[in-house]
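See structure below.
What follows is calculated from the coordinates using simple rules that are stated; it is not laboratory data. Just so it is clear, the model here is predicted, and its values are computed rather than measured.
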């Protein structure tokens with residue numbers, strides 16, 4: 001069984017989780033991480049919410065690792081594959097966006113978040129979506 005793809009995907013999720021933990025711990029480090037309009041953030045995430053996102057990202061890493069057989073979580077391979085497909089669909093939806101502030105098809109542009117979203121966040125979600133789906137296909141039964 002080939003493990004480079006699931007390992008890379010897991011490491012990206014862990015790296016993103018660590019980044020969220022850092023943003024929760026260091027005030028002001030989240031510039032460009034939240035959509036804004038006319039210089040005002042659409043929302044300001046709490047530290048607890050940012051930590052929660054980090055934990056969810058670690059769970060995503062664990063799901064990919066479990067789907068690839070790198071760890072055991074007590075779920076059948078078919079269930080892990082379908083959970084991976086659901087995660088891949090969610091990541092794809094994030095990449096496409098909600099057509100106003102987030103994703104490839106957003107209308108609000110010209111902000112720091114919009115630039116980062118176009119250049120980093122949405123492409124990363126698209127690549128992670130493909131990676132997670134491939135892990136599900138390669139290792140599911």
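Please report the relative contact order for the range 22-85, taking Cα pairs under 8 Å with a sequence separation of at least 6, and give it as a percent rounded to a whole number.
It comes to 21 percent, rounded to a whole number.
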Checklist entry - Expressed as an acute angle from 0 to 90° and rounded to the nearest 10, what is the orientation of the C-alpha long axis of helix 122-139 relative to the principal long axis of the chain? => result 10 degrees
Next on the checklist: Suppose only helical runs count, i.e. DSSP H with n ≥ 4. What mean residue ellipticity at 222 nm does that imply for the chain under -39500 (n - 2.57) per run, divided by all residues and rounded to the nearest 500 deg cm²/dmol?
Outcome noted: -20500 deg cm²/dmol
Item to check | the range 78-128, relative contact order [Cα under 8 Å, separation at least 6], % | outcome: 31 percent
Checklist entry - How far is helix 77-96 tilted off the main Cα axis of the chain, in degrees rounded to 10, range 0 to 90? => result 20 degrees
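Quote the relative contact order of the chain in percent (integer), defining contacts as alpha-carbon pairs under 8 Å separated by 6+ residues.
29 percent
In the calculated pair distance distribution of the chain, what percentage of Cα-Cα distances lie above 22 Å? If you can, show how the numbers build up before the last one.
Numbers: 4211 of 9870 pairs.
Taking all Cα-Cα pairs of the chain, the fraction more than 22 Å apart is 43 percent.
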Item to check | Distance from the range 92-127 to the range 1-77 (C-alpha centre basis), Å | outcome: 17 Å
Item to check | Most mobile of 79, 89, 114 in a GNM of the chain (Cα contacts under 10 Å) | outcome: 79
Next on the checklist: Output the 0 to 90 degree angle, nearest 10, between the alpha-carbon long axis of helix 4-25 and the longest principal axis computed from the alpha carbons of the chain.
Outcome noted: 40 degrees
Checklist entry - Which residue, 32, 74, 110, has the most motion in a Gaussian network model of the chain that connects Cα atoms within less than 10 Å? => result 74
